[in-house]
Amino acid sequence: MLIKYILNKYENYLSSSAETAVNFNSVNLEHFLPQKPENWGLSTADVKNYVHNIGNLVLVDQSLNGQMGNKPLNDKLEIINNSVLNMNRELIEMVENNSSWDSNTIGQRNNKIAEILFSEL
């Protein structure tokens with residue numbers, strides 16, 4: 001629940017208004033890079049040091065979360081594109097700008113979230 005709260009604070013920061021309120025009962029926490037990343041050409045051991053990093057976590061509606069699973073990157077991008085949350089739009093942009101979603105990109109997003117929330121709270 002704490003991670004959902006933190007990501008909600010981040011979403012509020014990214015939003016220009018408070019019109020989109022996150023309903024904690026209808027959103028799930030999703031590992032964008034899956035915990036079981038075989039479809040990404042990686043093993044669990046390959047990602048163990050960063051898969052649970054806040055930079056890899058997003059909030060998504062339960063219906064989108066059910067569609068995402070352990071799917072490959074491009075499939076997940078298509079699904080998350082249906083999200084109305086700004087944090088997910090930002091994630092899409094990061095993937096497009098870096099042409100990947102890996103430990104470096106996850107670390108960049110982690111640092112950005114930390115810096116923003118540290119200065120805002």
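The values are calculated or read from the model by the stated rules, or taken from the named source; none is laboratory data. Source: prediction; values computed, not measured. When we count neighbours, we look across all protein chains shown, and the Cβ atoms used for this are built from the backbone with ideal geometry, even at glycine.
Kindly indicate whether LEU85 is within 20 Å of LEU7 (Cα to Cα) and modelled with pLDDT of 95 or more. Criteria not met by LEU85. For segment 92-121, residues that are buried (at least 16 other Cβ atoms within 10 Å of the Cβ), of a type in the set (S, T, N, Q) and in a loop (DSSP other than H, G, I, E, B) total 0. Hey, can you tell me all the residues within segment 24-49 that are touching a residue at least 12 places away in the same chain (Cβ under 8 Å) and either touching a Leu at 6+ places or on another chain (Cβ under 7 Å) or of a type in the set (Asp, Glu) (or both)? Those that are touching a residue at least 12 places away in the same chain (Cβ under 8 Å) and either touching a Leu at 6+ places or on another chain (Cβ under 7 Å) or of a type in the set (Asp, Glu) (or both): VAL27, LEU29, GLU30, HIS31, PHE32, GLU38, TRP40, VAL47. Residues in segment 66-81 that are of a type in the set (S, T, N, Q), modelled with pLDDT under 95 and within 23 Å of ASN8 (Cα to Cα): GLN67 only. So which residues in segment 70-101 are out of contact with any helix residue (DSSP H, G or I) (no Cβ under 9 Å at 6 or more places or on another chain) and touching a residue at least 60 places away in the same chain (Cβ under 8 Å)? Correct list: VAL84 only. If only residues of segment 72-91 that are out of contact with any strand residue (DSSP E or B) (no Cβ under 9 Å at 6 or more places or on another chain) and assigned to a loop (DSSP other than H, G, I, E, B) are counted, the one that is surrounded by the most Cβ atoms within 10 Å (Cβ to Cβ) is PRO72. Would you check if ASN49 is within 26 Å of ALA114 (Cα to Cα) and out of contact with any helix residue (DSSP H, G or I) (no Cβ under 7 Å at 6 or more places or on another chain)? Yes; evaluated as a whole, the condition is true for this residue.
Looking only at segment 50-69, decide whether some residue is in a helix (DSSP H, G or I), surrounded by 14 or more Cβ atoms within 10 Å (Cβ to Cβ) and without any contact (Cβ under 8 Å) to a residue 12 or more places away in the chain. No, the conditions are met nowhere in segment 50-69.
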